[in-house]
Structures are given as structure tokens and as C-alpha cells.
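We did not get these values from a lab; they are worked out from the coordinates using the rules stated. The structure displayed is predicted, hence computed values, not measured ones. In this analysis, Cβ positions are derived from the backbone assuming ideal geometry, glycine residues included, and neighbour counts consider all displayed protein chains.
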Amino acid sequence: MDKLATGIVRKTFGIKGELTVVTLSGENEHLLKLKYVFIEKQDVFLKYSVEWVKEHGKNLILKLEGVDTKEKGQAFVGNTLWVNREDACPIGENEYYYSDLYRCRVFLNDALMGKIKGIFSGGSVDILEVENINGHIVMVPMSRHFVKKIDIADQKIILTEESSNL
């Protein structure tokens, strides 16, 4: 089952176990329809039925079945909220889930350069942390100047010739 991280439980809300969730995408609409979610705790995905979800400012308030006290809710604070891919935020053209980018190999021309080690939000442009075949780290801005093509189906990121100077 392909899961995607969609939010972080930041704190409890009220005394009945509700959870305040900050979404990772900044979009809430798709999360308002959830029937269940997964909470990652110590590298294990635990499935919880959703009683209800509502917007609260930019965040969400989430009520999970069986979590009915503030103390029970407190156990979820700091954990990542995961959903199945089909329940995740829809993406548009030239948008990618980070998890898909992590599966990609990075090429310069036709030569394998390395693999994705990390992805950072750099404000106006995300930054790919690439571990090259020599074990060195290269930071590549995800802009058309440096990234020629991203092919999720073939798990390839092809860099431009300008990237050879990084």
C-alpha cells in the first residue's frame, strides 16, 4: 500500500482527544473527506478510523475513533499523519510528491550521476540533495536551468548541461 505523509500532529485541541494537524501541502479540502488515516509511531503505521475532520484556520482538527481524552490525544503529538496515495492532495502538471522523487536516479547527459539523498524547501525553489557516485553531496536547485526532465515513471531525473558546474 503506497502511503504519503500529509500532516503533522502539533497538539491536542480541547479535552475530548481532538488533534490539531498542520498539513504538509497547505491544502485541506482532500483531508476533509477522510475515512481513515495512518499514524506513524516508531516506524509502524497504525490505522485509525476518522470520526470527523474540520478546518480550524490554516490547520485541521481531527477526531480519531477511540481517542476520547486529552491524555490519549497527547500520545499522537509530534507524529506524522499518513494517507493512501489516492486520498492525498491531488497534484498538477510539473508537481511531484517528494516520495516519488526519492525513488529517482539522477543523470547528467546519459551518465548516471547519483541518487536523491534529500529534498529541501528553498523558498521559491526546492533543492535536491544528490549523492553522486563518488559519495559526494551535490545540491541541485529544482529549476529549469538545472533540471531538464523529471520522469517519475522511469524513476529518472535528467539534469541540464549547466548542472555539471555544481
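Details
- Within the listed set 133, 152, 61, the residue fluctuating most in the Gaussian network model of the chain (springs between alpha-carbon atoms under 10 angstrom) is 133.
- The stretch between residue 93 and residue 40, if pulled fully straight at 0.36 nm per residue, gains 16.2 nm over its current Cα-Cα span.
- Across 135, 78, 118, mean-square fluctuation computed from a Gaussian network of the chain (C-alpha pairs under 10 Å connected) peaks at 135.
- For the chain, the 222 nm mean residue ellipticity estimated from helices alone, with every DSSP H stretch of n ≥ 4 adding -39500 (n - 2.57) and the total spread over all residues, rounds to -1000 deg cm²/dmol.
- Alpha-carbon centroid distance for the pair the range 1-42 / the range 105-166, whole angstrom: 31 Å
- Relative exposure of 159, 32, 24, judged by other C-beta atoms within 10 Å (fewest first): 32, 24, 159
- Among 39, 119, 91, residue whose mean-square fluctuation peaks in a GNM of the chain (springs only between Cα atoms under 10 Å): 91
- Debye intensity ratio in log₁₀ form over the Cα atoms of the range 98-165, taken at each q of 0.21 Å⁻¹: -0.80
- Cβ-based exposure ranking for 56, 136, in which fewest neighbours within 10 Å come first: 136, 56
- Ordered by the number of other Cβ atoms lying within 10 Å of each residue's own Cβ, fewest first, 139, 113 fall into the sequence 139, 113.
- Reciprocal mean inverse distance between Cα atoms of the range 3-87 - Kirkwood radius, Å: 12.4 Å
- Computed over the alpha-carbon pairs of the range 39-129, the distance histogram in 10 Å steps reads 11, 32, 31, 18, 6, 1 percent, short to long.
- Sorted largest first, the principal axis extents computed over the alpha-carbon atoms of the chain equal 57, 30, 28 Å.
- The GluC sites (Glu not before Pro) of the range 65-158 meeting both criteria, a DSSP state outside H, G, I, E and B (loop) and at most 16 other C-beta atoms within 10 angstrom of the site's C-beta, are 65, 93, 95.
- Set 11/47; 47/117; 16/47; 58/156; 3/156; 11/54 screened for pairs whose C-alpha atoms are more than 24 Å apart: 47/117; 58/156
- Rounded to the nearest whole Hz, the Karplus-based 3J(HN,Hα) values (6.51 cos²θ - 1.76 cosθ + 1.60, θ = phi - 60°) of the range 60-67 follow the sequence 10, 10, 10, 10, 9, 4, x, 9, with x at glycine and proline.
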